[in-house]
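Accompanying notes for the structure given below.
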Amino acid sequence: VDLSPVSKHCFNLKYLTFECNKVQTISCLSALNSLVQINGSYNRINKSNDIYLLSSLSNIAILDLKGNEICVTINNYRYYTIFCMKSLRMLDGKSVINKEIEASSNMYS
């Protein structure tokens, strides 16, 4: 499944769900600055660059990517994602706590 048409036509989109759709990349979503929540669980996302490119989404509060290869292929996936996406409040169904924010900052700064 290709998400690029979404990024070209849905600029004011706040919530996006595409779980279980064999999506391989989400980097095209970096153009959707209004996004607050993304549920992309159980797809085929596997590149750390996708997380890095989403760091431009300053309003994103909830991200769910559980069940994707990226969760196990990136060392310290949770800390890396929290570090890249400063506005996150929930990742993969778990609240982001201050201790994790500090640890991710220490790890990647």
- Task: Please list Lys94, Lys99, Lys14 in order of solvent-accessible area, largest first, computed with a 1.4 Å probe with all protein chains present.
- Result: Lys99, Lys94, Lys14
- Estimated [θ] at 222 nm from DSSP helical runs (n ≥ 4, -39500 (n - 2.57)) normalised by residues in the chain, nearest 500: -8500 deg cm²/dmol
- Item | Volume per residue of the C-alpha convex hull in region 54-100, rounded to whole Å³ | 69 Å³
- Within the accessible area of the chain, what % is carbon and sulfur when the probe is 1.4 Å and the other protein chains stay in place? 51 percent
- Quick one: Cα convex hull volume of the chain, Å³ per residue? 81 Å³
- Task: With +1 on each Lys and Arg Cβ and -1 on each Asp and Glu Cβ, and nothing else charged, work out how big the dipole of the chain is about its Cα centre, in Debye to the nearest 20.
- Result: 100 debye
- Task: Compute the accessible area per residue over the chain, keeping the other protein chains in place, probe 1.4 Å, unit Å².
- Result: 56 Å²
- Message: Using only Cα atoms and rounding to the nearest 10 degrees, what angle (0 to 90) does helix 98-108 make with the longest principal axis of the chain?
- Response: 90 degrees
- Task: For each pair in Lys22/Lys99; Lys8/Lys47; Lys22/Lys86, compute the distance between the two Cα atoms and list the pairs where it is over 24 Å.
- Result: Lys22/Lys99; Lys22/Lys86
- Message: What whole-number volume per residue, in cubic angstrom, does the convex hull of the C-alpha atoms of region 1-58 give?
- Response: 65 Å³
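The values are calculated or read from the model by the stated rules, or taken from the named source; none is laboratory data. Only a predicted model underlies this, so the values are computations on that prediction, with no experimental measurement involved. Please note: Cβ atoms are built from the backbone with ideal geometry, for glycine as well, and neighbour counts cover all protein chains shown. Heavy atoms of the whole protein, side chains included, go into the accessibility calculation; ligands, DNA and RNA do not. Shrake-Rupley method; radii C 1.70, N 1.55, O 1.52, S 1.80 Å.
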